[in-house]
Structures are given as C-alpha cells and as structure tokens.
Amino acid sequence: MTTPEQYVQQKAAASGSSFYYAFLFLPKPRRAAITAFYAFCREVDDVVDEVRDPGVAATKLAWWRTEVAQAFAGQPSHPVMKALMPCAAEFGIEASQLQQVIDGCQMDLEQTRYLAFPNLAQYCHLVAGVVGEVAARIFGQTESGTTEYAHKLGLALQLTNIIRDVGEDAMRGRIYLPVNELQRFDVKAHELLNRVYSERFVALMKFQAARAHVAYDEALALLPPADRRTQKPGLMMASIYRTLLREIESDDFQVLNQRVSLTPVRKLWLAWRVQALGRM
C-alpha cells in the first residue's frame, strides 16, 4: 500500500522536472511540503495535457475543485491532498491559491490563443506566479517583498517553458505566443501548427527570449537580500531554466521539431552551485 507521502514523491520524481533538483537541498519538513504541492500542480496540469476529451477534462478539474474545498474542510480523499494538508497550516498554503492554479488549467481547456501579452500574463500569473507565491512561503519567506519576486520569477520560468514547448504545444493545437506578436513578425499560426521553421520565426523567438531575460533580471532585483538564503531553491530554478533558455538561443530556436533539455547531471550541478557557492 502506497502512503500519500510515497505517492507525491513518486509523482514529483517521475516528472523528471528541474523542480525536483531544487527540492533536494531543503530540510525535510519543507521538502515534504513542496513535494506535495508540486504533485498537486502536476495532477491538475496532467488533466489538461493527457485527457483528450475536453468535457472529461472539465469534469476532472471540477472534481479537483471540490476535493480542494473538502480537504480544507478536513476531509481530503486524494493521496496528494492527504500529503499536502498537514503542511498547509504550517506554511500558509490557502485553498484560494490551489483554486487559482486550477483556474489556470481551466484556461488551457477554454483558450488556445492569446491576443496580446497582457492576456498571456494573466495565464502565467495563475499557472506560475501563484505557484511561485506558495513555493516562496514553503521555502521560508520572511520579507513581504519576496512575494513580488516570486511572481516575477514564475513569469520568467513560464515564458521559458512556452519557448521550449512551442512545437509540443502546437501538436495539441495550442499557441501561447500572442497573436499580435505573430502578426508583427509575420508568422502565421498554420506555420507553427505545421512546424515551419523560418527566419521570421527565429526573429519572433528572439523577441520572446529577450522578454524572458528581462523577467529573470527583474525577479532577481526584487528579491530582498534578507531572503536570499531561504529562497535558494527558486534561485536554483532560475539558474537551470535560464541555462536552458541560453541553450535554446545558441541552438537557433530549434524548438518546433524537438524538445531542448539539460541532462540530469547538469541540472544537479547548477543546483549545487547555487546551494554551495551562492552563484547563478
């Protein structure tokens, strides 16, 4: 019989995500909390990515909304919520934050295009900014300004994800790059859906990468010095994802037909360097 703690650990490790490497250096109670929260995010995200029928996916997300409400009322039924609830009070995790993450996944069901960057930024706020806010508390936030840093870092990480996953998302019929920016660089939606690589596409992606780099710089500038030590896991994520972004740039944005990734050893090295040396 798998315990809730074993379940969330397996969920987090199986994803192969960079987040896993950032959690390794945390003390046990914080690691347990972030692992459970990350497993929750994976569960609701998988509903959108893996369930082909939108009606079934919507039903599953509705089930998760009810499960969150019941868990915070003291009656969790899913192993993820059973693992998360003992940590919720200690680390200030709120039901409304989990519901916002579900709101972001709901947007993926209802929307496959974003007219302009402010529309995309709202999506990023729900699926990454709120996640950053919860994570910062778990890591040991002491300064209120750290929340703003966490939101900005969440945006930077999500923009990097969007750049990396352009080809994969197009296969699912989703284009996160804003419509008005596609028009500005004369890149047609059908070109992305059919994975047509061009100089216009590269110019569009350079513009997206520059925006992501600005978000990383702004996030790091917002982090209060007093919280720099506690927020090392987030800085590990920044280091890993920004290194990934630079790899994509040096590869001339070959993201339509392949997924660019870093090796586990390299991710571990980047995480260790932040942990041991405090260097990005």
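The values are calculated or read from the model by the stated rules, or taken from the named source; none is laboratory data. Worth saying up front: this structure is predicted, and the values here are computed from it rather than measured. Heads up, the Cβs are rebuilt from the backbone with ideal geometry, glycines too, and the neighbour counts pull from every protein chain shown. What goes into the accessible areas is simple: the full protein's heavy atoms, side chains included, and nothing from ligands, DNA or RNA. Shrake-Rupley method; radii C 1.70, N 1.55, O 1.52, S 1.80 Å.
Beyond a 28 Å Cα-Cα separation, which of these cross-linked pairs lie in this structure: 60/206; 11/188; 11/232; 152/267; 11/267; 206/267? Could the numbers behind the result be given before it?
On the way: 60/206 37 Å; 11/188 37 Å; 11/232 23 Å; 152/267 22 Å; 11/267 19 Å; 206/267 24 Å.
Correct reply: 60/206; 11/188.
Surface exposure of the chain, expressed per residue as accessible area with a 1.4 Å probe, stands at 45 Å². Summing Lys and Arg as +1 and Asp and Glu as -1 over all other residues whose Cβ lies under 11 Å from the Cβ of residue 91 gives a net charge of 0.
Could you grab the relative contact order for segment 1-135? Cα pairs under 8 Å, six or more apart, rounded to a whole percent. Relative CO of segment 1-135 lands at 26 percent. With a 1.4 Å probe rolled over the protein heavy atoms of all chains, the accessible area of 1, 85 falls in the order 1, 85, largest first.
Apply the a/c threshold of 1.5 to the C-alpha gyration tensor of the chain and tell me whether it is rounded, prolate or oblate. Don't skip to the answer; put the middle values down first.
Working: a/c = 1.76, a/b = 1.25, b/c = 1.41.
Oblate shape, in that a/c is at least 1.5 and b/c is the bigger or equal ratio.
Modelled this way, with points 7 Å down the Cα-to-C-beta line, the labels at residue 277 and residue 194 are 4.8 nm from one another. Paramagnetic label reach from residue 147 (point 7 Å along Cα→Cβ; backbone nitrogen cut-off under 17 Å): within segment 225-244, residues 227.
Quick check: residue separation of residue 51 and residue 110 times 0.36 nm, minus the Cα distance between them. What number comes out in nm? Walk me through the intermediate numbers first.
On the way: separation 59, 0.36 × 59 = 21.24 nm, distance 1.39 nm.
Length gained, residue 51 through residue 110: 19.9 nm.
In summary, the helical segments of the chain meeting the span-like criteria, namely a full DSSP H run, a Cα extent along the axis of 18 angstrom or more and a mean Kyte-Doolittle hydropathy of at least -0.5, are 28-50, 54-72, 79-91, 95-110, 145-164, 199-222, 232-250, 264-277. Given a 10 angstrom Cα cut-off, can you work out which residue in 139, 19, 201 is the most mobile in a GNM of the chain? Fluctuation is largest for 201. Under 5 Å between amide hydrogens, built in the peptide plane, is the criterion, and for residue 223 it picks out nothing among residues at least 5 positions away or on other chains. Atom-type composition of the exposed protein surface of the chain places 53 percent of the accessible area on carbon and sulfur (1.4 angstrom probe).
Could you sort 222, 84 by accessible area so the largest value comes first, with the probe set to 1.4 Å?
Values: 222 55, 84 0 Å².
From most exposed to least exposed: 222, 84.
Taking every C-alpha pair closer than 8 Å and separated by at least 6 residues, the mean separation divided by the residue count of the chain gives a relative contact order of 19 percent. Tell me whether segment 103-202 comes out rounded, prolate or oblate; compute the Cα gyration tensor, take square roots of the eigenvalues as a ≥ b ≥ c, and use a/c under 1.5 as the rounded threshold. Prolate, since a/c reaches 1.5 and a/b exceeds b/c.
Our summary gives segment 100-227 a relative contact order of 33 percent, counting only alpha carbon pairs under 8 angstrom and 6 or more residues apart.
Decide, for segment 1-147, between rounded, prolate and oblate: order the square roots of the alpha carbon gyration tensor eigenvalues as a ≥ b ≥ c, take rounded if a/c falls under 1.5, and otherwise choose prolate if a/b is larger than b/c, else oblate.
Numbers: a/c = 1.58, a/b = 1.22, b/c = 1.30.
Oblate shape, in that a/c is at least 1.5 and b/c is the bigger or equal ratio.
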